Amino acid sequence: MTSSTPVQRGLVRLLNTADGRALCLAGAVDADAVLAFRRRYGREPVRVDVIDAGSVTSLSGAALELVRDHLDVAALGGRTVPLRRSPAFGRLLVS
């Protein structure tokens, strides 16, 4: 019998918090997780007050694009959106 570590499936959600609307990403966020998010919330970036990627273990290109799209929309509107990053997410931004 072999033992394997289960892969933590990623998720992307919009949450209403006390600090405003949050784009939350967690786990191994792959293209399927991004597709599920877009089916649920639509393709266009929405106004968010914070992006929480503090629990991300890995991020696909589609997920990184989703985050950047939301940051770009905020910047175009003259807003800065705080970004909470996990170490794995932080490495992606500097590479």
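One table, with the values for the structure above:
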| item | result |
| --- | --- |
| Any chance residue 79 is within 19 Å of residue 20 (Cα to Cα) and either out of contact with any Lys or Arg (no Cβ under 6 Å at 6 or more places or on another chain) or open to solvent by 70 Å² or more (accessible area, probe 1.4 Å) (or both) | yes |
| Filter pass, residue 12 being modelled with pLDDT of 95 or more and surrounded by fewer than 18 Cβ atoms within 10 Å (Cβ to Cβ) | no |
| Qualifying positions in the stretch 82-95 - open to solvent by 40 Å² or more (accessible area, probe 1.4 Å) and over 11 Å from the mean Cα position of the chain (by Cα) | 82, 87, 91, 92, 93, 94, 95 |
| Count of residues meeting criterion [farther than 19 Å from residue 22 by Cβ, modelled with pLDDT under 95 and either open to solvent by less than 50 Å² (accessible area, probe 1.4 Å) or not hydroxyl-bearing (Ser, Thr, Tyr) (or both)] in the stretch 58-75 | 2 |
| Some residue of the stretch 15-37 being among the aromatic types (Phe, Trp, Tyr), modelled with pLDDT under 95, surrounded by 11 or more Cβ atoms within 10 Å (Cβ to Cβ) and not in a strand (DSSP E or B) | no |
| Count of the stretch 38-49 residues which are in contact (Cβ under 8 Å) with a residue 24 or more places away in the chain, open to solvent by 40 Å² or more (accessible area, probe 1.4 Å) and not in a helix (DSSP H, G or I) | 2 |
| Residues of the stretch 50-85 classified as in a loop (DSSP other than H, G, I, E, B) and not hydrophobic (A, V, I, L, M, F, W, C), total | 6 |
| Pairs with Cβ under 6 Å, 6+ apart, first in the stretch 12-24 and of a type in the set (Val, Ile, Thr), second surrounded by 11 or more Cβ atoms within 10 Å (Cβ to Cβ) and not in a strand (DSSP E or B) | 12/33; 12/37 |
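The values are calculated or read from the model by the stated rules, or taken from the named source; none is laboratory data. Quick caveat: nothing in here was measured; it's all calculated off a predicted structure. Note that we place each Cβ from the backbone using ideal geometry, even for glycine, and neighbour counts take in every protein chain shown. Side chains included, ligands, DNA and RNA excluded: accessible areas come from the protein's heavy atoms. Shrake-Rupley method; radii C 1.70, N 1.55, O 1.52, S 1.80 Å.
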